[in-house]
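The values are calculated or read from the model by the stated rules, or taken from the named source; none is laboratory data. This one's a predicted model, so the numbers in the text were calculated from it and none came from an experiment. Because the Cβ atoms are built from the backbone with ideal geometry, glycine has one as well, and the counts that use them run over all protein chains shown.
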Amino acid sequence: MTFASSRSVPETVFRGGRFSESSRIVAEECAIALSYGGSTEAVMMATPADLEDFAIGFSLSEGIIASIDDVRGIEIVEASGGIDLQIALNDRLDQALRVRRRAKAGPVGCGLCGVESIEEALKPAADVADVDLVCSASDIAAALSELSAAQALNTETRSVHAAGFFVPGKGMIAVREDVGRHNALDKLIGHLARTGVDGARGAVIMTSRLSVELVQKTAKLGSGFLVGISAPTALAIGMAEKAGMTLVALARGEDFEIFTGHGRIRMEDKADAA
């Protein structure tokens with residue numbers, strides 16, 4: 001089942017001191033539920049594309065599954081006003097998720113649920129200190145250029161984020177787009193899992209600011225290298241440092257700023273660049 005990622009809408013343009021009627025291509029956005037064993041775990045506002053990738057990537061990055069082999073099947077169901085991704089897990093995980101839901105549905109007003117939610121949001125990122133990937137300054141510039149060229153939906157709409165996976169020597173091997181930056185990364189993670197790509201082989205490149213969730217998801221992928229075109233948050237920097245991740249931000253053209261993990265970046269000398 002496929003859904004349109006964009007549509008043409010009418011608009012009135014004010015330009016040069018005059019009004020005129022025109023149209024513009026805009027990105028689609030809809031409610032997408034991620035359900036396990038008949039119960040909804042989360043509802044995300046997202047672009048209705050690459051839905052199988054989204055289901056797998058979300059399940060992996062949220063720790064619901066440990067590998068793609070834990071999923072028995074995915075059914076895409078068109079629901080009223082949105083889409084329901086019905087994800088069937090193996091029996092062991094399905095039962096564990098049911099037990100976890102029952103534990104969360106305890107007495108209200110105890111204060112524990114909020115504390116547990118905060119602890120979950122701030123859980124340490126996976127340790128990627130031993131990832132031995134090295135990128136050069138020219139690799140980072142090439143990754144940014146290749147990511148921009150691969151953003152077909154953003155070229156059309158100018159309103160979506162992208163997450164790309166760049167492997168030195170091979171280039172940008174996968175790109176996923178979405179109205180939400182977290183969704184774009186989940187879709188990328190899902191695609192890499194479905195195609196058997198080892199996350200430690202490459203760097204994640206984002207067209208957004210670098211938040212703590214992006215650090216957590218990148219580490220869950222197994223990558224020790226995260227690059228973004230905008231600035232990181234203080235919390236993201238701290239978590240990347242503890243995880244042993246290289247965090248590169250404000251990357252534009254050939255310029256960038258390194259916040260953690262300087263050792264993974266090789267600066268070419270003039271002979272290398274020639």
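A single member of Val43, Val71 is of a type in the set (A, V, I, L, M, F, W, C), at pLDDT 95 or above and under 15 Å from Gly82 (Cβ atoms), and it is Val43. In the set (1) out of contact with any strand residue (DSSP E or B) (no Cβ under 9 Å at 6 or more places or on another chain); (2) surrounded by fewer than 18 Cβ atoms within 10 Å (Cβ to Cβ); (3) outside any loop (DSSP other than H, G, I, E, B); (4) at pLDDT 95 or above, Ile118 fails one condition alone, (4). In summary, Ser117 fulfils each of the numbered conditions (1) outside the structural domain of Glu268 (by TED's automatic domain parsing); (2) of a type outside the set (A, V, I, L, M); (3) under 23 Å from Leu250 (Cα atoms) with the single exception of condition (3).
Do we find a residue being in contact with a Gly (Cβ under 7 Å, 6 or more places away or on another chain) and either among the aromatic types (Phe, Trp, Tyr) or at pLDDT 95 or above (or both) anywhere in region 94-109? Steps first, please.
Kept after step one, since they are in contact with a Gly (Cβ under 7 Å, 6 or more places away or on another chain), are these residues of region 94-109: 94, 97-98.
This time we only want the ones that are either among the aromatic types (Phe, Trp, Tyr) or at pLDDT 95 or above (or both), so: none.
Within region 94-109, none of the residues are in contact with a Gly (Cβ under 7 Å, 6 or more places away or on another chain) and either among the aromatic types (Phe, Trp, Tyr) or at pLDDT 95 or above (or both).
Checking each residue in region 176-210 for being under 10 Å from Asp50 (Cβ atoms) and crowded, with 24+ Cβ neighbours inside 10 Å picks out Arg176, Glu177, Asp178, Asn183, Ala184, Asp186, Lys187, Leu188, Gly190.
Taken over region 195-211, residues that are under 12 Å from the mean Cα position of the chain (by Cα) and of a type in the set (A, V, I, L, M) amount to 4. With respect to the conditions (1) at pLDDT 95 or above; (2) within 27 Å of the chain's Cα centre (by Cα), Gly37 lacks only one, and its number is (1).
Tell me which residues, restricted to region 225-246, are of a type outside the set (Val, Ile, Thr), farther than 18 Å from Lys123 by Cβ and either crowded, with 23+ Cβ neighbours inside 10 Å or not assigned by TED's automatic domain parsing to the domain that holds Val197 (or both).
Residues satisfying the conditions are Phe225, Gly228, Pro232.
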